[in-house]
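Enquirer: Below you'll find the structure I mean.
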Amino acid sequence: MNTLTIRRAIGIGLLVVLPLLAPLYLNQHPYQMSVVTGGFFYAIMASSWALLAGIAGQFSFAHMALMAIGAYTSGLLGRELGTSPLMGVVIGTLLAGLVGLIIGLLCLRLRRAYLALFTIAFSEILRIILLTEFRFTEGNNGLQLENLYGDVTPLAEYYITFALLLGVLAIMYWLITSKYGLFIKAMREDEEAASAMGVNVVRYKVMVFFFTSLIVGLAGATFYHQVGIITPNTMELLQMSLVIAMAVIGGIESLIGAALGAFVARITLELLREITLFGVTIELGIWRYAAFGLILMFTLRFAQNGLIAPIIERLFGEQTTIDTVAKRREIQEDSVA
């Protein structure tokens with residue numbers, strides 16, 4: 001076994017073992033445990049968006065809306081038809097995937113800017129419907145969701161969300177390392193060239209959009225059964241921007257980088273709610289998002305492959321990715337010159 005393999009095994013082991021052991025401390029601190037569980041949820045959202053935008057090249061703003069479709073579907077089925085939360089999660093996931101498939105068939109022949117505009121409009125329309133049809137959705141009061149099962153404990157919810165994150169990352173890594181992943185990356189680099197080489201560009205765009213829609217639908221339905229309530233505010237542009245910023249800060253072309261970026265960002269945003277300097281306590285409130293925005297601006301200007309992904313690549317020797325990014329930048333700089 002060479003050194004690189006050993007380093008990768010140690011790194012993966014730490015990323016799995018540390019969260020498994022964390023409840024030994026977090027179990028005594030329910031609020032901190034809920035924050036970390038939320039970090040796992042945002043890690044799923046950011047890594048799946050990184051797959052869609054960073055690896056497949058499809059810039060979508062519909063991620064939070066598709067997530068909400070999963071959660072609202074599960075909640076409404078439980079309230080109106082008495083469906084079990086587990087069945088609601090399954091149906092909500094499938095409906096989110098179906099909506100993603102329809103969006104894909106409708107607009108993935110369009111270029112990136114048009115897809116972004118289409119998904120912004122879709123998200124806003126859905127948010128307004130959920131906000132105004134309060135007879136069914138409870139509007140701003142929020143839709144109540146039952147527990148996933150019986151007297152589920154915060155500890156169980158923690159491990160369920162963490163297992164979901166690991167499962168989703170494993171499937172996404174299988175996808176991008178398969179021959180389909182090569183097709184997806186090829187069409188991101190140059191659609192015309194990929195199409196000329198026989199890659200069915202539209203089919204793979206739709207496939208990735210459908211796949212990531214299933215993921216966020218599953219994450220939303222599962223997570224909000226734990227939270228207990230979902231409101232249309234979760235689909236506001238700020239929330240979608242947060243997911244994008246998390247992925248960009250972590251590393252838009254790295255699933256692990258985006259997941260870690262989201263996790264760290266989620267914890268940091270909570271820590272910045274209230275800080276104490278020289279004995280004076282300051283409540284930052286909405287200003288913590290300004291600090292987050294500054295980090296994003298710094299990342300976009302000086303570290304376009306994210307702040308965490310380069311560290312992972314250096315530690316685990318993903319030199320191929322480094323070379324690919326460097327080569328692409330050279331091509332972009334040559335074209336600009």
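Enquirer: Scan segment 255-268 for residues that are within 12 Å of residue 289 (Cα to Cα) and surrounded by fewer than 20 Cβ atoms within 10 Å (Cβ to Cβ) and jot them down.
Expert: Correct list: 268 only.
Enquirer: Here is a list of conditions, (1) open to solvent by less than 70 Å² (accessible area, probe 1.4 Å); (2) among the β-branched types (Val, Ile, Thr); (3) within 15 Å of residue 217 (Cβ to Cβ), and residue 120 meets all of them except one; can you say which number that is?
Expert: Tallying (1) open to solvent by less than 70 Å² (accessible area, probe 1.4 Å); (2) among the β-branched types (Val, Ile, Thr); (3) within 15 Å of residue 217 (Cβ to Cβ), residue 120 fails exactly one: (3).
Enquirer: Can you go through 121, 116 and tell me which one is among the hydrophobic types (A, V, I, L, M, F, W, C), under 19 Å from the mean Cα position of the chain (by Cα) and closer than 19 Å to residue 239 by Cα?
Expert: The unique qualifying residue is 116.
Enquirer: Now a separate question. Test each condition in (1) surrounded by 13 or more Cβ atoms within 10 Å (Cβ to Cβ); (2) farther than 15 Å from residue 167 by Cα; (3) in contact (Cβ under 8 Å) with a residue 40 or more places away in the chain for residue 30 and report the one that comes out false.
Expert: (1)
Enquirer: I would also like to ask the following. Please state which one of 129, 120, 103 is without any contact (Cβ under 8 Å) to a residue 24 or more places away in the chain and in a helix (DSSP H, G or I).
Expert: Answer to the selection: 129.
Enquirer: Scan segment 59-83 residue by residue and report those that are in a loop (DSSP other than H, G, I, E, B) and either without any contact (Cβ under 8 Å) to a residue 60 or more places away in the chain or open to solvent by less than 10 Å² (accessible area, probe 1.4 Å) (or both).
Expert: Listed by number, the residues that qualify are 59, 60, 62, 82, 83.
Enquirer: If I ask for residues that are part of a strand (DSSP E or B), of a type in the set (A, V, I, L, M, F, W, C) and open to solvent by 90 Å² or more (accessible area, probe 1.4 Å), which ones from segment 278-311 would you list?
Expert: Answer for segment 278-311, where residues must be part of a strand (DSSP E or B), of a type in the set (A, V, I, L, M, F, W, C) and open to solvent by 90 Å² or more (accessible area, probe 1.4 Å): there is none.
Enquirer: Applying the selection to segment 33-52, what residues are of a type in the set (A, V, I, L, M) and surrounded by fewer than 24 Cβ atoms within 10 Å (Cβ to Cβ)?
Expert: Correct list: 33, 35, 36.
Enquirer: Related question: Check 53, 9 and return the single one that is assigned to a helix (DSSP H, G or I), closer than 30 Å to residue 114 by Cβ and not acidic (Asp, Glu).
Expert: From the options 53, 9, the qualifying one is 53.
The values are calculated or read from the model by the stated rules, or taken from the named source; none is laboratory data. If you're wondering where the values come from, they're calculated on a predicted model, not measured in any experiment. Because the Cβ atoms are built from the backbone with ideal geometry, glycine has one as well, and the counts that use them run over all protein chains shown. Accessible surface areas use protein heavy atoms only, side chains included; no ligands, DNA or RNA. Shrake-Rupley method; radii C 1.70, N 1.55, O 1.52, S 1.80 Å.
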